[in-house]
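Report on the structure given below.
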Amino acid sequence: MTSNPVFRGVATALITPMNSNGIDYDAFGRVIDWQIEQGINALVIVGTTGEGATLPDSEHRQALEFAVNRIAKRVPMIAATGSNDTSYAISLTKFATEIGADAALTVTPYYNKATQNGLVKMYTTIADASGIPLILYNVPSRTGIGIEPETYAKLAEHPMIRGIKEANSDISKIAKTAHLVGDKLDIYSGNDDQVIPIMSLGGIGVISVLSNIMPKQTVEMCDKFFAGDLAGAAKLQLDYLPLINALFSEVNPIPVKAAMAAMGWCENYVRLPLTPMEESHWLKLEALMKEQNLL
């Protein structure tokens, strides 16, 4: 763990409540307040789960500014500012700095991709322009490119690059990364089904989809690990596994948006190319939510 992590524990990769008229800011504010009341450790705004990919620039910036003001430093606010256009990622990261975000989450470049050398240059360029810490987001299943452990070791030398959201699913690579970066980068699980395994390798938490619907319980899982109750933490990881799998039975955030709507937090509305959850998948998710007393 670095000497000054952005957060420790659970950051919710928060949904963005929407309807046909745009972002539902009343619902957005209520969800933010509830997450903080439930003890969440940080919030990630308009990332993958927040449907940032379908927000035009003006709406993206408005959502970030709204969240900064609503959170009001009660927990760290992490702004999703990544793009496959480096200049745009810099612009969003500077904006996040100006409005008072605590950190920026920057995804690997999708579609155009890059070499590992290109990733080093891109992230270094963004970090040089940033006034807040960066958490790098590695999710090759979505972007078609992964950050190699040796690349992390190079990037760890930059003082503004402070963390990793690791969603490559390859535990062996994550172990190698942890070995190479030591206490220079904080590692967060980007997969809810690997929280405790990654923490056992030195990770300090998770950027979570599950915690949208179970913030208190997800924090409890990490807290048990931090307190040395490894068996208790592992039990919760396994107990929640069927629900986690159901939340990813269709592409995120389709299932979690349906779940939050059923809980009364928002409309079940996602923007194309996403579509509402298929009934067969929803019935399984609904049953598992009832088992956890969420409905």
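FYI, it's all coordinate maths here, none of it is from the lab. Values in this document were obtained by computation on a predicted structure and should not be read as measured data. Every residue, glycine as well, gets a Cβ built from its backbone with ideal geometry; the counts of neighbours run over all protein chains shown.
For this structure, a couple of remarks:
- When residues of the stretch 191-205 are limited to those that are under 14 Å from the mean Cα position of the chain (by Cα), assigned to a helix (DSSP H, G or I) and not acidic (Asp, Glu), the one surrounded by the fewest Cβ atoms within 10 Å (Cβ to Cβ): Gln194
Conditions (1) crowded, with 21+ Cβ neighbours inside 10 Å; (2) more than 18 Å from Leu14 (Cα to Cα), marked per residue:
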| site | (1), (2) |
| --- | --- |
| Ile207 | yes, no |
| Phe225 | yes, yes |
| Ala233 | yes, yes |
| Leu241 | no, yes |
| Ser249 | no, yes |
| Pro255 | yes, no |
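- Residue ID - farthest from Ala127 (Cα to Cα), chosen from residues in the stretch 156-181 that are assigned to a helix (DSSP H, G or I) and not β-branched (Val, Ile, Thr): Ser172
- Which listed residue is assigned to a loop (DSSP other than H, G, I, E, B), more than 15 Å from the chain's Cα centre (by Cα) and of a type in the set (A, V, I, L, M, F, W, C), from Ala153, Ala127, Ala114: Ala114
- Qualifying residue in the stretch 125-137 (condition: closer than 30 Å to Gln38 by Cα, surrounded by fewer than 17 Cβ atoms within 10 Å (Cβ to Cβ) and free of Cβ contacts under 8 Å to residues at least 12 places away in the same chain): no
- Residues of the stretch 171-213 satisfying the condition of being touching an Asp or Glu at 6+ places or on another chain (Cβ under 9 Å) and of a type in the set (A, V, I, L, M, F, W, C): Ile174, Leu180, Ile187, Ile198, Ile204, Val206, Val209, Leu210
- Pair list, Cβ under 8 Å, 6 or more apart: the stretch 58-72 residue basic (Lys, Arg), other residue surrounded by fewer than 18 Cβ atoms within 10 Å (Cβ to Cβ): Arg70/Gly29; Arg70/Asp33
- Qualifying residue in the stretch 44-56 (condition: in contact (Cβ under 8 Å) with a residue 24 or more places away in the chain, under 20 Å from Val256 (Cβ atoms), within 13 Å of the chain's Cα centre (by Cα) and assigned to a helix (DSSP H, G or I)): yes
- Qualifying residue in the stretch 269-282 (condition: assigned to a helix (DSSP H, G or I) and closer than 25 Å to Pro5 by Cβ): no
- Single residue of Glu65, Glu59 found to be out of contact with any helix residue (DSSP H, G or I) (no Cβ under 6 Å at 6 or more places or on another chain) and acidic (Asp, Glu): Glu59
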